[in-house]
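One structure is given below, encoded as structure tokens.
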């Protein structure tokens with residue numbers, strides 16, 4: 001049977017089968033539990049109701065459920081809720097509908113994930129779900145693999161943060177990894193702030209904020225020359241603005257937006273705009289490459305790969321290229337690759353790896369039974385050649 005591939009993200013979790021080009025399941029990484037003991041008792045004793053909902057089901061019941069995200073900044077922090085997300089992915093009729101004990105499982109982890117989380121993940125997959133085999137790979141490694149490379153610098157634009165991750169021959173150069181404290185949620189909050197403070201709009205409900213987030217994903221872009229675009233916008237005046245609509249109950253409100261569409265992504269290059277002390281993304285890419293061994297730096301410059309939802313921002317690759325070009329050594333090519341869909345890059349890499357994999361990426365249930373959770377700190381390949 002095909003292996004199951006699960007990409008665990010702070011914002012969304014994606015799951016599907018090895019060999020497929022797209023995930024079969026994409027759901028918000030959230031879990032909801034009843035607000036208060038009386039509601040809990042009612043739901044426990046009412047046929048057809050559950051005491052835990054995940055994904056869109058949880059969000060639809062936010063009025064009566066406490067909604068939590070089990071992954072923060074790429075790291076699993078609430079294992080009970082994460083187990084519910086995984087259980088739902090495996091067995092719910094609208095998701096995979098599989099028996100996890102019949103499939104090898106490849107799961108992703110963030111480069112920021114601590115070693116003990118890898119042990120806990122193995123414990124859950126082997127003991128709770130009885131998986132016959134397990135592989136755990138970083139999202140950066142898999143996103144790079146999806147681009148057809150094993151060496152390069154992956155810029156992972158996440159929900160809570162952005163990481164610059166050099167990878168050499170499939171191995172992360174840990175000492176060169178850099179972090180930008182700006183993620184998709186920060187840009188959304190900045191967008192809302194600009195619309196409320198400068199235009200006087202009232203955007204306070206979760207529904208309104210979600211629609212602003214969708215508008216950001218649909219219309220925002222990165223300016224190649226920020227100052228020049230500001231001058232052009234000033235010259236165009238109201239004629240250069242766009243309108244968007246937000247549904248509020250039975251009514252539709254119309255809003256105008258202009259420079260916000262490129263001022264918001266500018267925070268990736270100037271984090272001080274959102275009161276962050278981080279360096280801009282272009283400076284972190286430079287720092288990460290210079291921390292690598294000098295013998296592989298030219299390979300890094302030639303293989304800069306964007307990943308994550310924000311990787312699809314129009315103009316992003318061109319702006320990064322412009323900011324970095326003066327720092328690239330003479331006779332060294334600078335190449336920045338944008339995927340077809342940055343949000344699924346890591347999942348696709350996992351699908352490719354799991355489909356082509358031999359035993360050298362899998363820890364088996366037998367390995368786990370013999371060694372315990374610490375088995376994840378050894379290479380499965382070592383077992384294969386011993």
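Worth pointing out:
- Verdict on residue 228 being over 20 Å from the mean Cα position of the chain (by Cα) and under 18 Å from residue 266 (Cα atoms): yes
- Residue within region 240-247 that is buried (at least 18 other Cβ atoms within 10 Å of the Cβ) and either in contact (Cβ under 8 Å) with a residue 60 or more places away in the chain or touching a helix residue (DSSP H, G or I) at 6+ places or on another chain (Cβ under 6 Å) (or both) present: yes
- Near pairs, Cβ below 7 angstrom, 6+ apart or cross-chain, from region 360-376 (loosely packed, with under 13 Cβ neighbours inside 10 Å) to any residue that is part of a helix (DSSP H, G or I): 374/119
Conditions tested, residue by residue: (1) within 24 Å of residue 16 (Cβ to Cβ); (2) out of contact with any helix residue (DSSP H, G or I) (no Cβ under 6 Å at 6 or more places or on another chain).
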{"residue": "35", "(1), (2)": "no, yes"}
{"residue": "44", "(1), (2)": "no, yes"}
{"residue": "53", "(1), (2)": "yes, yes"}
{"residue": "57", "(1), (2)": "yes, yes"}
{"residue": "60", "(1), (2)": "yes, yes"}
{"residue": "69", "(1), (2)": "yes, yes"}
{"residue": "111", "(1), (2)": "yes, no"}
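- Single condition residue 126 does not satisfy, out of (1) closer than 24 Å to residue 186 by Cα; (2) buried (at least 23 other Cβ atoms within 10 Å of the Cβ): (1)
- Filtered by the rule that a residue be farther than 28 Å from residue 72 by Cβ, part of a loop (DSSP other than H, G, I, E, B) and not assigned by TED's automatic domain parsing to the domain that holds residue 105, region 10-48 gives 45, 46, 47, 48.
- Residue that is within 31 Å of the chain's Cα centre (by Cα), surrounded by fewer than 18 Cβ atoms within 10 Å (Cβ to Cβ) and in a helix (DSSP H, G or I), where the choices are 87, 66: 87
- For residue 233, the requirement of being surrounded by 13 or more Cβ atoms within 10 Å (Cβ to Cβ), touching a residue at least 60 places away in the same chain (Cβ under 8 Å) and assigned to a helix (DSSP H, G or I) is not met.
- Taken together, the residues in region 36-68 that are closer than 15 Å to residue 81 by Cα and modelled with pLDDT of 85 or more amount to 12.
- On inspection, residue 320 passes the criterion of being touching a helix residue (DSSP H, G or I) at 6+ places or on another chain (Cβ under 9 Å), crowded, with 19+ Cβ neighbours inside 10 Å and outside the structural domain of residue 119 (by TED's automatic domain parsing).
- Hey, residue 208 modelled with pLDDT under 95, surrounded by 14 or more Cβ atoms within 10 Å (Cβ to Cβ), out of contact with any strand residue (DSSP E or B) (no Cβ under 7 Å at 6 or more places or on another chain) and not assigned by TED's automatic domain parsing to the domain that holds residue 12 or not: no
- Where a residue in region 185-206 is more than 20 Å from residue 12 (Cβ to Cβ) and its partner, wherever it lies, is at pLDDT 90 or above and part of a loop (DSSP other than H, G, I, E, B), with Cβ under 6 Å and at least six apart: 190/264
- Subset of region 313-342 (residues that are part of a helix (DSSP H, G or I) and either modelled with pLDDT of 95 or more or more than 22 Å from the chain's Cα centre (by Cα) (or both)): 316, 317, 318, 319, 320, 321, 322, 323, 324, 325, 326, 327
- With respect to the conditions (1) out of contact with any helix residue (DSSP H, G or I) (no Cβ under 8 Å at 6 or more places or on another chain); (2) buried (at least 20 other Cβ atoms within 10 Å of the Cβ), residue 265 lacks only one, and its number is (1).
- Which numbered condition residue 179 fails, given (1) in a helix (DSSP H, G or I); (2) surrounded by fewer than 23 Cβ atoms within 10 Å (Cβ to Cβ); (3) out of contact with any helix residue (DSSP H, G or I) (no Cβ under 7 Å at 6 or more places or on another chain); (4) at pLDDT 95 or above: (1)
- Residue count for region 91-113, restricted to those that are without any contact (Cβ under 8 Å) to a residue 60 or more places away in the chain and either out of contact with any strand residue (DSSP E or B) (no Cβ under 7 Å at 6 or more places or on another chain) or within 16 Å of residue 368 (Cβ to Cβ) (or both): 7
- For region 301-312, the criterion of being buried (at least 22 other Cβ atoms within 10 Å of the Cβ), touching a residue at least 40 places away in the same chain (Cβ under 8 Å) and on the phi > 0 side of the Ramachandran plot is met by at least one residue.
- Every residue from region 281-300 that is in contact (Cβ under 8 Å) with a residue 60 or more places away in the chain, under 21 Å from residue 222 (Cα atoms) and in contact with a helix residue (DSSP H, G or I) (Cβ under 9 Å, 6 or more places away or on another chain): 281, 285
The values are calculated or read from the model by the stated rules, or taken from the named source; none is laboratory data. Worth saying up front: this structure is predicted, and the values here are computed from it rather than measured. All Cβ positions, glycine included, derive from the backbone under ideal geometry; neighbour counts span all protein chains shown.
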